[in-house]
Amino acid sequence: MTAAELLKQGVSQSEVARRLGVHRQSVIRWARQLAQSGRAGLKQAGRAGRKPKLSASQLRKIEQALRRGPEALGYASGLWSAGRVRELIEHQCGVRYHEAHVWRILRQLGWSCQRPTGRALERDEEAIRYWKRVRWPRLKKKRSASGAPWSSSMKAG
């Protein structure tokens, strides 16, 4: 609306673009819309940028496939990589994306980058709890009550 006001005052399109910090082609488009439909036409501005390649139904289809896991598509491990997701999108929807863009789609779907914990199958949770609760406190060095200096040449903070 500020651009419309400036254009009506006779300010050049280039100057409007400079003042508002927008591209001159945007101002040209706004001026054309203003001439055709008036200020009401500017309020009905369409979406900016390129239209998405994937529809909402295609995104739901991709998310359903993601939830089934990579093993359902024949992969050996249960990890989704950018390459695997790219292949999934191409297979499900026939749309090709660069791997870097795949992460934007995943974020749009509410998925985040995560790594597996990598815990051993033989892990003994009870033994770990015992070690943390009993053994570690015994092993942990404590400063003496006398206030004697640390063995390090650095002063304690």
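Pairing residues of the stretch 68-95 that are among the small types (Gly, Ala, Ser) with residues that are modelled with pLDDT of 85 or more and in a helix (DSSP H, G or I), at Cβ distances under 7 Å and at least 6 apart in sequence or on separate chains, gives Ser77/Pro70; Gly78/Pro70; Gly78/Glu71; Ala82/Glu99; Ala82/Val102; Ala82/Trp103; Gly83/Glu99. Apart from one condition, Leu6 fits all of (1) outside the structural domain of Ala100 (by TED's automatic domain parsing); (2) exposed (fewer than 14 other Cβ atoms within 10 Å of the Cβ); the exception is (2).
Reported count of residues in the stretch 113-157, each being surrounded by 10 or more Cβ atoms within 10 Å (Cβ to Cβ) and either at pLDDT below 75 or on the phi > 0 side of the Ramachandran plot (or both), is 3. For the criterion of being more than 30 Å from His101 (Cα to Cα) and not hydroxyl-bearing (Ser, Thr, Tyr), Ala56 fails. Among all positions in the stretch 45-63, there is at least one residue which is in contact (Cβ under 8 Å) with a residue 12 or more places away in the chain, loosely packed, with under 12 Cβ neighbours inside 10 Å and either part of a helix (DSSP H, G or I) or not charged (D, E, K, R) (or both).
Specify which of the listed residues (Ser12, Ser37) is over 23 Å from Arg104 (Cβ atoms), modelled with pLDDT under 85 and surrounded by 12 or more Cβ atoms within 10 Å (Cβ to Cβ). Going through Ser12, Ser37 in turn, just one is over 23 Å from Arg104 (Cβ atoms), modelled with pLDDT under 85 and surrounded by 12 or more Cβ atoms within 10 Å (Cβ to Cβ): Ser37.
The values are calculated or read from the model by the stated rules, or taken from the named source; none is laboratory data. Since the structure is predicted, the reported quantities are computational estimates derived from the model, not experimental observations. Because the Cβ atoms are built from the backbone with ideal geometry, glycine has one as well, and the counts that use them run over all protein chains shown.
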